[in-house]
Each structure stands twice: as C-alpha cells, then as structure tokens.
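Worksheet for the structure shown next.
The values are calculated or read from the model by the stated rules, or taken from the named source; none is laboratory data. The structure displayed is predicted, hence computed values, not measured ones. Glycine gets a Cβ as well: all are built from the backbone with ideal geometry, and neighbour counts include every protein chain shown. Remember, those area values only see protein heavy atoms, side chains included, never the ligands or the DNA or RNA. Shrake-Rupley method; radii C 1.70, N 1.55, O 1.52, S 1.80 Å.
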There are 2 protein chains.
Amino acid sequence: MISCPIPKSEYENVLLAHGGGGKLTHQLIEKIFVSQFGNDLLNELNDSAVFEFHKNKLAFTTDSYVVQPIFFPGGNIGELAVNGTVNDIAVAGARPVYLSAGFIIEEGLPIDDLWNIVMSMKNAADKAGVKIVTGDTKVVEKGKADKLFINTSGVGVVYDNFNISSRNCKPGLSVILSGKIGDHGIAIMSARENLEFETEIVSDTAPLNGLVNALSKYSVNIKMLRDVTRGGLASVLNEIAASSGYGIEIEEEKIPINEQVRGACEILGLDPLYVANEGKLVAFVDDEKSEEILSVMKSLEVSKDAEIIGKVVDEHPQRVVMRTSIGSKRIVDMISGEQLPRIC
Amino acid sequence: MISCPIPKSEYENVLLAHGGGGKLTHQLIEKIFVSQFGNDLLNELNDSAVFEFHKNKLAFTTDSYVVQPIFFPGGNIGELAVNGTVNDIAVAGARPVYLSAGFIIEEGLPIDDLWNIVMSMKNAADKAGVKIVTGDTKVVEKGKADKLFINTSGVGVVYDNFNISSRNCKPGLSVILSGKIGDHGIAIMSARENLEFETEIVSDTAPLNGLVNALSKYSVNIKMLRDVTRGGLASVLNEIAASSGYGIEIEEEKIPINEQVRGACEILGLDPLYVANEGKLVAFVDDEKSEEILSVMKSLEVSKDAEIIGKVVDEHPQRVVMRTSIGSKRIVDMISGEQLPRIC
C-alpha cells in the first residue's frame, strides 16, 4: 500500500473546488489519478487520448455532465453532453464518429424531462453528424443524485497531419479565440439565481467539429486546439502555458465578449476570463497563416466573432499575461478555487 | 415535439425498478433511448457496439457504476468499474485495450477512500492488461450524489472470426455458464445489511478477457457470449431468448452455486437466478464442441467451475424454462422490478 499522496494535513476530504478546473483539480488529477494510472497517453492530459490503433490514429475521450439546473437558457444537460464530447474529440484534431451515453438517474425524475433531454441529445448528435451507439442506465434512490447525470464518451478519427499538443506551442504562434466568452456560465448562473437581464443570455453550447473540419486544411499550421470550458479562457491558457514551457500574452481589448455578459459579470462580481463556455475554442497557429485562418473561422456562423487575441512569447515562461485596455499588464493566474460549481 | 412514448398514466416518474435490469429497464431503453437514438449499432442492444472502423472491427462500450456501498467484501467500486467494462468488451468477442474513467465525487468523500479506489483500478487494469488513457473529474455538493459514481468506457479490437450476436442462437447450441452464481449480489447485500455468514461471501468481480482470449480459437463455434451481471442469469438468458426468437432450457442441478450463497438466498428470500454476478459469462456454443470448450474453461482459474447448463430449443420460443431437480419444469421469467438496487 502506497500512502495517499495528498496528506490529511493538507486536504482530508474532496472539496467542491477539486472539481472546479483550477489548481485543486490539477493537484487531484496529478497526485491521485496520474500517479496511479500514468501512461504516455494519459500523461498528455489533453481532453482526448490520441493513439495509433491498427494503423488508424484515433481519439478517445470521456466527460461526465452534472450541470445544475438540467434545463437552462439555450440548452439542457443532454445537448451539453453531446456537444461537449464532440468538442473534446474535435480539438484533438479529429472527426468525432461514435458516442456512448451513460445515464445516472435520480429516482423520481419526471419521465417527460428525460424524454425531452433524450430528444435534445438526438438533435445535437444529428447536428454534429455523430451516432450514439452504446449506452447504460442506472437509477439511484431519491436524494442520492441530483435529477440526472450523463456521461458521454466518444471515438473519432484524427485528420491527416494534425498533431495537436500544447508542447508544440512555441514563441511566435498566434492565439485565436473562436468567439465571445462567458455566455454559458452566465446563462447557468441566471437560471440558478433567477436573474433577469434585458435580453436573455443563453448558453453558447454548440458543436465545434464543423469548425475543426474547416480548419483541417491548415493542419500543419495549427499546433494546438482546446475548447474553452470549465475554468474559462484563463484556466485553459494557463494550462497550455504551463505545459508548453512558454509564456502567453493576450490583449484585453481583443477578447470578444457580449456586452450583456460583461454587464452581468460586473453585477455578479465575476471575471469573464474565468467563466465557462461550451462552444468556443482557442487555436494556436503559425503567425503567417493567422489572418487566413481567422477569415476561415469568421466565415462560419459558430465562429463568426473569432479574433486573434494574443501570442506565445519567450517572456514570463508558463505565465499568462494580459495587456489591459489602459495599457498596463497583469498576470492572469489559474483559478484556485471554484467560481461556479457544476457548470457542465 | 413528439410526445413522450411512456404516458404519464403508465409511469410519470423514473422508479428504482427502471434501473434494475428487468422489464421496466427494457421499456425505458426501448421507448425512450432506442426510439430516439436508434441506429444499426445501438439497436443490437449488446453491451458493446461493434463496428468496422477504417478496416478494423472495434468494440466500444460504456457503463456507470453506482454500487452501494463503495467498498464491499471482495472488492470496491473502482475494481468493479474496470472489470465490468473489460468484460463488456470481452463478451463482444474483443480484446479490450483502452479505458476511460469519469468520476462524479460527492463533496466530502475522504481523499484516502478515493486513493484506495484508484489504486484498485490501477491493479485491475494491470491484471486485465488494459490502460486507462483518458478521464474526467466532477465534484457535486454534499447530498447531491452518494460518495462516488464512476463511469468507465472502453475500446477493444474484435478477434478474427468472432461474430457474437444473440440472433445467432439457434436450436441445438449448448449453453455454458462459466462459474458459480450469486456471489456478488450476496456480498453487496451482506455489506449493506451487516449480515454475517460462517464464511465470508465475497464478490466474484474479475476480468473475463483472459477467458475470452482462450476461447477465441473457437470463435467460429461460439455464437454468443454475455456477462451475467445485473438481473442475474435469469435476466440475461431471457434477453437472449427474446432476441433470438428461440427457447432456452436449463437444468437446475447443473447450475453451479456456492452452498453459502444458496443458504444466504434462502434466508433472504432471494432467487439466486436473479442475483448479480461480476465475473461470470454464458457462452452459446456448437454442441459438438461444447465439451472441448468446457474443458478449456475449466482449465482456467476464473472459470474452473464452468458447467454446461442447458441448450437452445425450438420449444417455448422466447422463453426460458428450467427443469428443476425434482423433474418438473418452470418458466424462468425476466425480473420485473428491482431485486437489489445499486448492485453495480
């Protein structure tokens, strides 16, 4: 028996923040999961594992969805579960093909709710062009879950020449963000807290595999892709900076954001850089192709608000620094705790 | 909007029995999931989807584990989650290769418990020769889950010539059961109810991929494989009978069962035919090879108690009939409700 690598004196029990996508999540993953399961594929810590499988390069991913509430402005847990896993495969530079769906249902869930969620999943799968080919259903007693949790796993085929890895991020690469940030997190928050805004803010949940398909002709110029979900843009950029070994510099005024979302964040005291999205990605691309890639992205509805927001730099290795609109610079740190639990 | 295929007048809310592996589970799967997601692969309703994927025949499966308690005699939820998914791939006639692991953790779970479970998963993965290559961690508030739920999905490569399908089950095939039934269910029950037996009854959780590997040289003679889990032997045989269109006849006195388990079932009022197992399979094989296949099974520790328990027959189509030890016959029906909730 190896004693637990997180001593009781540090954390005795799992906290909500261990699931927040920030520092504690990383500690839990590294010390508990990677230390035991560790292998070349897992250690990459990308959202998908990519491997040669009988002469094909495949991507394989899993995600459990525990979003609360299960219905929210712009979507529901089922749609999110399909899009989220489609996106995790897509940002591995792969074409998602087959999905699994595992349901953990709390006794007492209205069957009508389940039906509506399943219909949404079917629509989302059709929209993304994937099939749900295997599944599982468990029911637990009332009070032992929270209405419904859904796990989706997925398998896809990596496009030729795509070699996506944060370790490929070298100084000089441009960072493109595919659209406005924060909509999903604020939509969940407003549903939870019964907030009303002048215009309803809806989740940006959307499949990104069409976008990645369009980008696949630039596969040699695209070094890294990542969907910007739990923990927001700040957390994703920090993870990439940390594992690349280089710094990332972004410009505040280039980051696209819906004015309503900006306003809601101000009212709620949230930093939009840390708010979750469910239909956005960042792409790290060769600088000389960045405008061309940007224009391809802008030509698609799902990424029409894309912008080049920054670059990889030699300075401040493993750190993300933002040039603010007033010209100063500030470090954008990884989130340490839990800004919005159960966002996905 | 299509209205819900299960009308409110029938069932308004999801019941525990909808997760029991019996009639209600089948109704939920058919009417809600299959009616929406339906496609050639899903419609097979095997535990794994099997498909041609760029010239390879792959198997893909998912299962969520919600067993309560998470530690039980002979194992824990982590070991179960690895073995269960390994077995679902194996009984598709495939060699499991890669697993995913998705954790839904209830806030407050001792990190030491998580660590012990993760170590068990690593050991189980090593024993089965599979790698856990991708994962996900979610944490929900105290009272919104029950300590820990784990989803594992898996990918495997189908052995040459294996063509496993309940539709291949024709009259004349022999039914081989790989070992004693009921140990897992009774082990869980005894942990839950603090029952004490003279000798501790422990879960039979075990990987079956070594057994299937040994059986792969008989791939042309083996028409159907299924692991005997939730709902027990009775439910699995009923599913196979229903989808084959033929009857299955079994002999009570041939069914291997631990005396302690038989005694416990009598005390608890349980029928061992409906009690879950986590390390057993049934094989439907050509009669003329049945003794040879049986002896291969008996030569392996995991299936040393294997027996030929019955055959596929023309009579009583879609029904399972048991010849009892006193010579009478009785219909072994599919479980309708929930004998032991949260067994896996």
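Side notes on the structure shown:
- Shown in residue order for region A:324-332 are the 3J(HN,Hα) couplings computed by the Karplus curve 6.51 cos²θ - 1.76 cosθ + 1.60 at θ = phi - 60°: 7, 5, 8, x, 7, 10, 9, 6, 9 Hz (x for Gly and Pro).
- Region A:16-158: relative contact order as a whole-number percent, Cα under 8 Å and 6+ apart: 32
- Relative contact order (%) - criterion: Cα under 8 Å, at least six apart; region: region A:168-287: 55
- Accessible area per residue (1.4 Å probe, heavy atoms of protein chains only) ranks A:146, A:287 as A:287, A:146, with the largest value leading.
- Seen from a random direction on average, the alpha-carbon convex hull of region A:246-344 projects onto 7.7 square nanometres.
- Estimated inter-spin distance, residue A:329 and residue A:267, nm [label 7 Å along Cα→Cβ]: 3.6
- Gyration tensor (alpha-carbon) shape descriptor, chain A, a/c threshold 1.5: rounded
- Computed extension gain for residue B:112 through residue B:30, at 0.36 nm per residue and net of the alpha carbon distance, reaches 25.5 nm.
- Dipole moment magnitude, nearest 20 debye, region A:229-344 about Cα centre, only Lys, Arg, Asp, Glu C-beta charged: 300
- Accessible surface of chain A, 1.4 Å probe: 46 percent of it comes from carbon and sulfur atoms.
- Near residue A:147, the amide H atoms lying under 5 Å from its own belong to A:106; only residues 5 or more places off or on other chains count, and H is placed 1.01 Å from N.
- Here the label points at residue A:295 and residue B:259, each 7 Å from Cα along the C-beta direction, are separated by 8.4 nm in the simple model.
- Minimum 30 Å² accessible area buried by the other protein chains, region B:118-133 residues, probe 1.4 Å, relative to alone: B:118, B:119, B:122, B:132, B:133
- For the protein assembly as shown, size of Cβ-based charge dipole, Lys and Arg +1, Asp and Glu -1, in debye: 1080
- For the set A:31/A:122; A:180/B:57; B:131/B:223; A:144/B:280, the pairs lying more than 32 angstrom apart at their alpha carbons are A:31/A:122; A:180/B:57.
- Low-density loop positions, trypsin sites (Lys or Arg not before Pro), region B:1-98 - DSSP coil, at most 15 other Cβ in 10 Å: B:8, B:55
- The mean accessible area for residues of region A:16-158, using a 1.4 Å probe and ignoring ligands and nucleic acids, is 27 Å² per residue.
- Of all aspartates and glutamates in the structure, those lying under 15 Å Cα to Cα from residue A:254, and not within fewer than 8 positions of it along the same chain, are A:291, A:305, A:307.
- Region B:166-331, accessible area per residue, ligands and nucleic acids excluded (1.4 Å, Å²): 40
- Shape category assigned to region B:166-331 from the gyration tensor of Cα positions, a/c cut at 1.5: oblate
- Between B and A, accessible area buried - total, square angstrom, nearest 100, 1.4 angstrom probe: 7800
- Computed over region B:207-344: relative contact order in percent, which uses C-alpha pairs under 8 Å that are six or more apart: 41
- Other-chain or far-sequence residues with amide H under 5 Å of residue A:137's (modelled H): A:103
- Prolate/oblate/rounded call for region A:16-158, Cα gyration tensor, a/c under 1.5 rounded: oblate
- Rounded to the nearest Hz, the phi-derived 3J(HN,Hα) couplings of region A:97-108 under the Karplus curve 6.51 cos²θ - 1.76 cosθ + 1.60 (θ = phi - 60°) are 10, 10, 10, 10, 9, x, 10, 10, 10, 7, 3, x, where x marks glycine and proline.
- Between residue B:158 and B:57, B:58, B:59, B:95, the built amide H atoms are under 5 Å apart, and every one of these is 5 or more places off in sequence or on another chain.
- Computed 3J(HN,Hα) for region A:300-307, one whole-Hz value per residue from the Karplus formula 6.51 cos²θ - 1.76 cosθ + 1.60 where θ = phi - 60°, is 9, 4, 5, 9, 5, 9, 4, 8, glycine and proline marked x.
- Nearest-20 debye value, chain B charge dipole, Cβ charges on Lys, Arg, Asp, Glu: 740
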